[in-house]
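Have a look at the structure below, then the notes.
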């Protein structure tokens, strides 16, 4: 049977054999009570008190093991059911789970944009006259990246998180926002989303 250990299988087999012997012995007793002579082989099949005691102990042991195993399994199942129940309690709109595929893809996009900025911005500062940095496509892509960085602030205000003290997933908007702002990540993301190239005046033209 599925889930049955070798010890349990051997015990069940032994119990079945004892039950079969008990059935045969009972039949021999009934035949003898009707006046038939029981053979010596049939007499040996009768269960003695020791075998009956062993049968009772064996059956009780199997039952106790099954109960203990069932209790342990039920506890694990209850934990899983509790976790599943917690994960379906999101009622607020536009909420993302911290481990959802959508959140992972969004984080990957933001990481790629950050890597792009970490390479392109220093090059643009060092070589501002390069035609590539003056192209409309490059400038437009930079503006789109700035918008996505700013939107990332809003996204992070609607992403669930795991509370460290009890391992519970927090799905309410207010504690999520407070955790994001008070944790320090908000200010790092805010600084990363500010388009400093638009705020800092650039020197243009050549001096007479």
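The values are calculated or read from the model by the stated rules, or taken from the named source; none is laboratory data. Values in this document were obtained by computation on a predicted structure and should not be read as measured data. Cβ sites come from the backbone with ideal geometry, for glycine too, and all protein chains shown count toward neighbours.
Some points to look at:
- When residue 97 is tested against (1) in contact with a strand residue (DSSP E or B) (Cβ under 8 Å, 6 or more places away or on another chain); (2) exposed (fewer than 12 other Cβ atoms within 10 Å of the Cβ), only condition (2) is not met.
- Residue 110 vs. criteria surrounded by 11 or more Cβ atoms within 10 Å (Cβ to Cβ) and assigned by TED's automatic domain parsing to the domain that holds residue 194: yes
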